[in-house]
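Shown next, in structure tokens, is the structure this report addresses.
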């Protein structure tokens, strides 16, 4: 039987136990189950989901169709909070109106760029003091573990500027979005979305010995990512299988729901959740969350925990998930498939081969990492220590590092001896740092293969640079099987092959570690504190409102099935420049299309000339025939009602990180739009909108334009204002205007206002 089964149609959950499909026999089945007539329709029964109750409690709109959400708390880390606070300051920020925690777990090594990383940290500390926030110093905790330990509470909502903001296993509906959405919350605005569908994730059974949370998560991701089964929906975890899992195990599944492209997640809570809050000294934050007597779900993901096997997500996406036994049994074929995917990602310019990893019919890997918000939990590291106890990783190429997710976990691993077991086996213990998840630490050797209990394995997310001829790759696995592989000195081994029990350890949380180091204003601002600005921290450049007419040059054309935010703006060492918009923009698309920045700057020169009162065509002579062709058909177009800039085309851009810079870097280089067949995530589309960029959609098929072509969009401002469903653009070629159609999709009134203003900063300044 398959571990994961998808049920596409709606289902009623009655009494938390009985499932009734939504079909022609439903009325009789509901009546037989004693469901009151008032609950025997989907719209009423939807109110019985946990998600509906939490969303309705935070909705500031008059109805539940177009939600306007106010969150309870915010959290950011040190490659996002500078830009967020700078944007809010430019928009009139006076104080943080709700609890806002600034953590430091991304640029905490301070290994790149001289003083600029620590300058960001001092910015964060002084901003927390001035505006009334909290500041977690470097190496104390990764963002999501601190939020779990100190911020989560049942029934609450948290917004974070990191895509893995997921605290559903603790009864908190959390969402990861680009920085501008946090700016809106800081300025008293709302998070505006259509009411999302809710998908039940029904857990049954219990995991086999050696199966961990990453195995369950990868099995789910593999089943739902490619078909978009839960895209932009809420995953609600229910069923008897939930009670079989420890809270740490639930957290490990929950954090990976981001990789399904769902909007958020929520879990039913129970005595285990209650005990977890009590352990962390926050018993008052617990309350029971369960579906109502009748709850309607738009679809169901059935997960038989007992059928889940140790999994491996092969490069270059968490959805490339296979049972480890299947990889070992079909190694040559699966390695070949991975090499073919690499050619799509890198082209033929970079040499990439995995066949040499097959040694005596088994996969031999060079590196293991257990880290971050997914892998660095207490139970994961204790299990790895027990599996490696008495063994060793050998003295060959294979290395193993582990990063506890917080200093309280770090301390407990020291006290209970698990850290000693791992170190004795040859592993290296490091601090609370997210680097292995985004390429800022432990970059493998060229052509090396790393197995990681972390969140993502996108191309180059481990830190290699294909533009310099470097390629390594990452597969995702659970800590238990990573430890089993380490004990086998690098030969891929599922933890279920171990013929012994894996003991568990009791956890004791010591909050004095935070009490001694974390600054918390408790919401009281101190206006006597000046925000400390380092030389790399720059204000956002001035941005223009949307003109009536646009001439755009296609500056990049990407036909990969999915384009990640890592490919739009690389992670890793470039993170050090995220407080400098123009400096960071130099890296835009550098791993995907190194010519993009130069092309974008070239056409931006026309807009710069226009703003300064000069002739756009003098700045960019290639525009002269374009403007002649445009004016021949649209004589009313002139310098007073036109704008110039760049646009990129990508099939499906925006999978992955919430980082707003994937959009803002395009904007500061003169970008006005993206054109896509679809957007991989809501958060990337929202980032485009918040930076005043048009999120055009064009039907899949032959494109009416090519890279470096000029496009003309007449009356684009009027089209946005009038809510036009379809917009006519023109490819300007050989003295002709060749029409094509794009769509903007659904936009709220506020989103239209932001696009018309040119960006969120302009919009808020105009309102003020």
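Coordinate-derived values only; no laboratory data. Computed from a prediction, not measured in an experiment: that's the story for all the values here. Ideal geometry is used to build each Cβ from the backbone, glycine not excepted, and the neighbour counts take in all protein chains shown.
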| What is the spin-label model distance, in nm, from residue 748 to residue 23 if the labels are put 7 Å beyond Cα along the C-beta direction? | 3.9 nm
| Of the peptides 598-606, 64-72, how do they stack up when ordered by the mean number of other Cβ atoms within 10 Å, highest first? | 598-606, 64-72
| field | Extension gain (nm, one decimal) between residue 728 and residue 500, 0.36 nm per residue minus Cα-Cα | value | 75.5 nm
| field | Footprinting exposure proxy for 275, 215, 709, 162 (fewest neighbouring C-beta atoms within 10 Å first) | value | 275, 709, 162, 215
| remark: Distance in nm between residue 559 and residue 624 label points, each 7 Å along Cα→Cβ, equals 3.3 nm
| query | What does the highest-first list of 412-419, 502-509 look like by mean Cβ count within 10 Å? | reply | 412-419, 502-509
| query | If you stretched the chain out fully between residue 271 and residue 284, how much longer would it get, using 0.36 nm times the residue separation minus the C-alpha to C-alpha distance? | reply | 3.3 nm
| message | Only counting other Cβ atoms within 10 Å, I'd like 407, 314, 477 sorted with the fewest neighbours first. | response | 407, 314, 477
| message | Below 8 Å between Cα atoms, with a sequence gap of 6+, how large is the relative contact order for the chain in percent? | response | 14 percent
| note | residue 718 and residue 31 label points (each 7 Å along its Cα→Cβ direction) are spaced in nm at 5.8 nm
| note | By the mean-Cβ-within-10 Å protection proxy, highest first, 168-179, 92-103 rank as 168-179, 92-103
| If the label point is 7 Å along Cα→Cβ of residue 512, which residues in the stretch 410-427 have backbone nitrogen under 18 Å from it? | 410-416
| Can you give the extra length, in nm with one decimal, that the chain gains between residue 43 and residue 356 once fully stretched, where that is 0.36 nm per residue apart less the Cα-Cα distance? | 107.0 nm
| message | Apply the a/c threshold of 1.5 to the C-alpha gyration tensor of the stretch 230-321 and tell me whether it is rounded, prolate or oblate. | response | prolate
| FRET efficiency for residue 332 and residue 697, using Cβ-Cβ distance with R0 set to 41 Å, rounded to 0.05 | 0.50
| task | Sort the stretch 1-66 into rounded, prolate or oblate with this rule: let a ≥ b ≥ c be the square roots of the eigenvalues of the Cα gyration tensor; rounded if a/c is under 1.5, and if a/c is not under 1.5, prolate when a/b is larger than b/c, oblate otherwise. | result | oblate
| message | Please rank 756, 159, fewest neighbouring Cβ atoms within 10 Å first, as an exposure proxy. | response | 756, 159
| message | Classify the stretch 470-585 from the C-alpha gyration tensor, please: rounded if a/c falls under 1.5, else prolate or oblate depending on whether a/b exceeds b/c. | response | oblate
